[in-house]
Each structure stands twice: as C-alpha cells, then as structure tokens.
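The values are calculated or read from the model by the stated rules, or taken from the named source; none is laboratory data. Given the structure is predicted, the values throughout are model-derived calculations rather than measurements. Cβ: placed from backbone, ideal geometry, glycine included. Neighbour counts: every protein chain shown. Surface areas here come from the heavy atoms of the whole protein model, side chains and all, with no ligands, DNA or RNA. Shrake-Rupley method; radii C 1.70, N 1.55, O 1.52, S 1.80 Å.
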Amino acid sequence: MNFDGQYMLEVFPTLLKYLPLTLVMAVVAMIFAIAIGLVLALITKNRVPVLHQLANVYISFFRATPTLVQLFLIYYGLPQLFPSFSALNALTAAIIGLSIKNSAYLAEIFRAALGSVDNGQLEACLAVGMTKTQAYRRIILPQATRNAIPASGNTFIGLVKETSLAFTLGVAELFAQGKMMASASLKFFEIYLAVAIVYWALTIVYSLLQEWLEKRLSKPYKN
Amino acid sequence: MIHVTNLRKQFKDLVVLDGIDIEVKQGEVVAIIGPSGSGKSTLLRCLNLLESPDAGRIEIGQAALDAQKYSRKEAHQLRQQTAMVFQNYNLFKNRTALQNITESLIITKKMKQSEADKIGLALLEQVGLAHKADSYPITLSGGQQQRVAIARALAVEPHAILLDEPTSALDPELVAEVLQVIKSIAEKRTTMLIVTHEMAFARQVADRIIFMADGKIVEQGTPEEIYDRPQNQRTQRFLQQITAPVTFIS
C-alpha cells in the first residue's frame, strides 16, 4: 500500500490557512440566506398578494436547479447581459450564489417553523393590544427559531461543503488549494483525505455549537 | 361601554351571527350561554376582531368602528379596549408567568421593567400564584395557566374582559380555582363578557344572562328571569337538556 501518513500530517497547516476563507464564505452566505429566507417565509406564510407568487417562483427555481449551474449563471452568464457585472469578483459571485440558493431552502424551513407556532399565540398577542409586528418580534419568531434550528443546521452544514464549489469560479479556497497540492505531489489520497477531515472537523465543531444553542433555547419548554 | 349594533358574520353559506345587538354597562358582568354552534364564541372573537365581522357597528370604551370599513389603526385601537381569556389559555410559551403579564405592559404601554414587574407580581398575588412567577407555562397545571392568563388580561386595565369558555379545557378538579378567581374579579365590578357552559357559575356571578341560538340573541335577562322563568321555548328546551340527569342506555 502506498500511503504517506507523514505527508498527510504535513499538509494540514497549509490547508488550514484556507479555512478562514471557507468560513467567511459559509458564514456570510448563511447570514444573507437567513435574511432573505425569513422575508420569503413571511411573504409566503402571510400570502402577501403578488409577492407571494413571485416568492414561490424564486423558491421553486433555486431549489430545483444545481448549485453549480446557478454559480455559473451568475459569474459567467450575468456579465453577458449586464456588462457592469464583469466587475464582480469570483468570491463575491460565489457568496451571492450560495446565499440565493440556500435562502430558497431556508424559506421553506422557516415557513414550516412559523406554521408550527400555534395560532393562539398570535391571537393572545393581538388580544392584549400588541401589533402584529410586535407579536412576531417578541413571541412568534423566538418560538419559530427554536423549531427551525435543527433543519437550518443541516442547511448550514450543506452550505459549508458547497463552498468548495467556489473553486470552479477560480476562488482559491480550501478544496482548490488541496487540488493544486495534489497535482504537484501526486499524493491524491493523502491530500483529499486531509481536505475531507478539515470539513468533517468543521462540521463536528458546528454541531457542538448547535447542540448548546438548542439546549439553551429549549429551556422554557422543559418540564 | 360596550355597544354593538346589528353585528353580522358569515362563514361561506353558514350565518354565524345574524344581526346581534348588545349593550353592556360599565361594571356589568354578562354571561352568554347557548348550544354549541350558536355563535357565542364567534361573537366574542368579533368584539376584538380576531374574527372580522361582515357588517355592524362596534363601540367599546373610547373606540368605535364600522365592520364594513375600518383601518388597521381603528382595529388596533378597538383591540386595546379589551383583553381576552382563551379556552386553552394561550400563554406565551417562551415567557415565564411573570413575563406573560409584563410583556404587554413593556411593549404596548412602554412601561419600565421594574414598574411592570411590580404590577405583574401584584396580579400574580391576586390570582394566588406569586410563587410561580419564574415558572414557564409548560410547568404549570391548566388551572394555574388559566389564572396567569386572567392576570395577563387584567394587567392591561381593559375596559372589558372577554372570557371565551375559560374552564372548558380544564380537568374537572381544576375548574373551581379558576371560577373562584373570576368571581373575585367580578366582585370588583370589572366589566366582563363570559361565554360559558358553567350554568350554576353563570347564575352566581352574572348580572345578566344572554341566551343565544342560531346566531341570534333569543332571550336575555337577569339570572332569575332566564333560569326560573324562561319565556322562549328554545331557552326552556336548552335549560331542560342541560339540567336533566344523564341517562345511559344499557
């Protein structure tokens, strides 16, 4: 068997240098995806006329098309229609693409989470004189957040891994770096296993964070 | 105080409220009774626009609106005149007993936390639950939750409290503690509209009984008039049915 364990350990420090970029892409895209997803969910849940139909088309399109195709559409396709988009750098394009795609997934998760909050909660808010906005901010959204976290966590883990697609736009991130080192050393297995382990470790750390958050948010609901 | 004229509500083909007129004076306790499906709960829920009535006029305290055309602001104003106690409590699940009461004070009345807490604790004391101030709803019994809900309704100092079958979801042994609390606030001359199936209780606390059937007010009067000398046949039949001993066919 031809496996160079020593070499694999040596590449970790180099790979880890690219970890911040992966994290930035994932976290920034997640923040935008949450913001857009929440707006979409509120629109579809409350059946806002016109916007609700548009939101459904948006959600349908971005859930049904491959992420890679979406990234290519944005980075290579848009500048053809709108020349000003050629100023868009690859990293920004990747973040935009990943934000949009994941916002469509989160919109569905959030809609279900909002739906799982008993309508009586909203009625109780209105009955003591709160406005609908106050009710959502103080009572409905906090309860929906707790319901949305497990599924949103899945989406985030998916997003972390999808950042590796940015390499196809030419972003020098974790996976791209691994690929370059592999072509230079021809030690493919060692490099790609090391890359896989970095993603795995990232997911483990995130899962611990999520577990802590879930516990904290569940406090009011424990007997 | 409360003045409702010709209130109408229809769900598709079903007429639920068929021209209701009600007048409730300050400090009056009115119980609404009637068979299920008679529109009692819908009537109550139309008064704070949890259901939107199709037609009619509603005046409560300082607010008044025409059901056919009202603005969001008018709706909000009308809702602020009353507070509601629900059949299944609807306490805010993510808030403690105390926070359930102070929430509206802080959010809608812009009260300081410390000030709101003081009022909240006094109200919890009044319903006998001061020791549960920091408990979350899930840890409370149904009776305790409903008592917190009553305290929450009192907190906003509404012109009237609307109680929608406040004991119907409770285990039988918990009904008394909730009725006791309602009775104590009735004695303070709080204006109340109570939809209830507790006939004996209604007789005891209400100044006036309204009997509803098929979306109409069939008969109203003092408890003695309605229970002892009902004039209308439907009222007579309803009271007979619910007071008749339950018979089982073996």
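Values for this structure:
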read-out: Lysine pairs within chain A, Cα separation less than 17 Å, 8 or more sequence positions apart or different chains; value: 6
read-out: Exposure rule at most 13 other beta-carbon atoms within 10 Å, DSSP loop trypsin sites (Lys or Arg not before Pro): chain A longest free segment; value: A:48-221
read-out: Calculated SAXS-style log₁₀ I(q)/I(0) at q = 0.10, 0.12, 0.13 Å⁻¹ - the stretch A:77-203, Debye, Cα scatterers; value: -0.54, -0.69, -0.75
read-out: Charge dipole magnitude, Cβ of K and R +1, D and E -1 - the stretch A:5-221, Cα centre, debye nearest 20; value: 480
read-out: Karplus-derived HN-Hα couplings along the stretch A:181-186 (A = 6.51, B = -1.76, C = 1.60, θ = phi - 60°), whole Hz, x at Gly and Pro; value: 5, 5, 5, 6, 9, 6
read-out: Alpha-carbon radius of gyration plus Dmax, which is the widest Cα pair, for the protein assembly as shown in Å; value: 30.2, 101
read-out: Degrees between helix B:233-243 axis and first principal axis of chain B (Cα, 0 to 90, nearest 10); value: 60
read-out: List A:THR131, B:THR42, ordered by accessible area with a 1.4 Å probe, largest first; value: A:THR131, B:THR42
read-out: In Hz, Karplus ³J(HN,Hα) per residue of the stretch B:2-17 (6.51, -1.76, 1.60; θ = phi - 60°; x = Gly, Pro); value: 10, 9, 10, 10, 6, 6, 10, 8, 9, 9, 6, 8, 8, 7, 9, 10
read-out: Longest segment of chain B lacking trypsin sites (Lys or Arg not before Pro) that sit in a DSSP loop with at most 12 other Cβ atoms within 10 Å; value: B:26-109
read-out: Karplus-derived 3J(HN,Hα), 6.51/-1.76/1.60, for each residue of the stretch A:212-223, Hz, glycine and proline x; value: 4, 5, 4, 4, 4, 6, 7, 3, x, 9, 9, 6
read-out: Contour minus Cα-Cα distance for B:LYS25 and B:MET1 (0.36 nm per residue); value: 8.1 nm
read-out: Net charge dipole size for the protein assembly as shown [Lys, Arg +1 and Asp, Glu -1 on Cβ; Debye, nearest 20]; value: 820
read-out: GluC sites (Glu not before Pro) within the stretch B:106-207, DSSP loop, no more than 14 other Cβ atoms inside 10 Å; value: none
read-out: Share antiparallel - DSSP beta bridges, the protein assembly as shown, percent rounded to 5; value: 60
read-out: The stretch B:89-157 - Rg over Rh from alpha carbon coordinates, Kirkwood radius; value: 0.92
read-out: Two-site label geometry, A:GLU123 and A:PHE61: point separation in nm, points 7 Å out along Cα→Cβ; value: 3.9
read-out: Residue-averaged 222 nm ellipticity for chain B, from DSSP H runs of 4+ at -39500 (n - 2.57), nearest 500; value: -11500 deg cm²/dmol
read-out: Chain A - Kirkwood radius from inverse mean 1/r over Cα pairs (Å); value: 19.7
read-out: Lysine pairs meeting the criterion (Cα under 22 Å, 8 or more apart or interchain), as found in the stretch B:110-211; value: 5
read-out: Protein accessible area in the protein assembly as shown, 1.4 Å probe - carbon and sulfur %; value: 58
read-out: In nm, spacing of pseudo-spin labels at A:THR203 and A:VAL48 (7 Å Cα→C-beta vector); value: 3.5
read-out: Cut-off under 5 Å, modelled amide H: who pairs with B:VAL85 long-range; value: B:LEU162, B:LEU163, B:ASP164
read-out: Dipole magnitude of the stretch B:1-155, debye to nearest 20 (Cβ charges: Lys/Arg +1, Asp/Glu -1, about Cα centre); value: 420
read-out: Accessible area buried, both sides summed, chains A and B with 1.4 Å probe, Å²; value: 2200
read-out: Dipole-positive endmost among A:ALA87, A:PHE110, A:MET181 within the protein assembly as shown (Cβ charges, Cα centre); value: A:ALA87
read-out: Peptide B:102-113, shielding by other chains (average Cβ, 10 Å cutoff); value: 3
read-out: Top positive-direction residue, dipole computed over the protein assembly as shown with Cβ charges, set A:TRP200, A:GLY153, B:SER104; value: A:TRP200
read-out: Mean-position separation - Cα centroids, the stretch A:144-210 and the stretch B:171-250, in angstrom; value: 66
read-out: Surface accessible to a 1.4 Å probe, A:THR168 within the full protein complex, Å²; value: 40
read-out: Of B:GLN80, B:ILE182, B:PRO166, farthest towards positive along the dipole that unit charges on Lys, Arg, Asp, Glu beta carbons give chain B; value: B:GLN80
read-out: q = 0.11, 0.15 Å⁻¹: log10 I(q)/I(0) that the Debye formula gives for chain B, counting C-alpha atoms only; value: -0.60, -1.09
read-out: Sequence of A:SER218, A:SER84 when ordered by accessible area, the most exposed leading, probe 1.4 angstrom; value: A:SER84, A:SER218
read-out: Accessible surface, 1.4 Å probe, highest first, among residues A:ILE204, B:ILE60; value: A:ILE204, B:ILE60
read-out: Total formal charge among the other residues, if their Cβ is under 14 angstrom from that of B:GLN68, Lys/Arg +1 and Asp/Glu -1; value: +1
